[in-house]
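The next block holds one structure in the form of structure tokens; read it before the comments.
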Amino acid sequence: MKTKELAVCAALALTCGSAIAGDAESAFRGKRIAEANCAECHAIARSDAGANPRAPAFGDLGKLRSLETLRQEMLGGLFLRHAVMPDFEPDATQADDIVTYMESIQE
């Protein structure tokens with residue numbers, strides 16, 4: 001019985017560790033995507049200022065709207081609806097990475 005419980009605990013620990021590592025990798029990719037496509041206007045780090053005062057800071061976006069909603073909007077043409085947005089349409093993985101990064105820096 002103890003061996004089975006230890007095996008289950010070990011499996012859970014490995015799974016959680018992989019998820020945390022996966023989130024860190026996803027957030028890293030999201031930050032790189034944001035640096036390349038968003039930093040011209042948005043503040044993309046916790047402590048930076050964006051060049052466009054009308055562009056919300058990434059660290060504040062979670063206060064303004066659900067980040068899951070934002071993820072869906074990114075896939076639904078958000079970048080096409082705003083004339084000043086870059087010519088960039090993220091795929092589902094890129095949108096996930098950007099949102100994971102945003103989640104990691106929420107104030």
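Values computed for the structure shown
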item: Single residue of Leu75, Leu61 found to be in contact (Cβ under 8 Å) with a residue 24 or more places away in the chain and of a type in the set (A, V, I, L, M); result: Leu61
item: Tabulated pairs, segment 84-97, first among the aliphatic types (A, V, I, L, M), second modelled with pLDDT under 95 and in a helix (DSSP H, G or I), C-beta under 8 angstrom, 6+ apart or interchain; result: Met85/Leu78; Met85/Phe79; Ala92/Leu75; Ala95/Arg71; Ala95/Met74; Ala95/Leu75
item: Subset of segment 53-66 (residues that are among the hydrophobic types (A, V, I, L, M, F, W, C) and surrounded by 16 or more Cβ atoms within 10 Å (Cβ to Cβ)); result: Ala55, Ala57, Phe58, Leu61
item: Unmet requirement for Glu107, which otherwise passes all of (1) free of Cβ contacts under 8 Å to residues at least 40 places away in the same chain; (2) exposed (fewer than 12 other Cβ atoms within 10 Å of the Cβ); (3) assigned to a loop (DSSP other than H, G, I, E, B); (4) among the charged types (D, E, K, R); result: (1)
item: Contacts under 6 angstrom Cβ, first residue in segment 34-49 being without any contact (Cβ under 8 Å) to a residue 40 or more places away in the chain, partner hydrophobic (A, V, I, L, M, F, W, C) and exposed (fewer than 13 other Cβ atoms within 10 Å of the Cβ), 6 or more apart; result: Ala43/Ala49
item: Which listed residue is among the hydrophobic types (A, V, I, L, M, F, W, C), at pLDDT 80 or above and either surrounded by 10 or more Cβ atoms within 10 Å (Cβ to Cβ) or touching a strand residue (DSSP E or B) at 6+ places or on another chain (Cβ under 6 Å) (or both), from Leu6, Leu75, Leu14; result: Leu75
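The values are calculated or read from the model by the stated rules, or taken from the named source; none is laboratory data. Quick caveat, the model's predicted, so the values are computed rather than measured. Backbone-built Cβ (ideal geometry, glycine too); neighbour counts: all protein chains shown.
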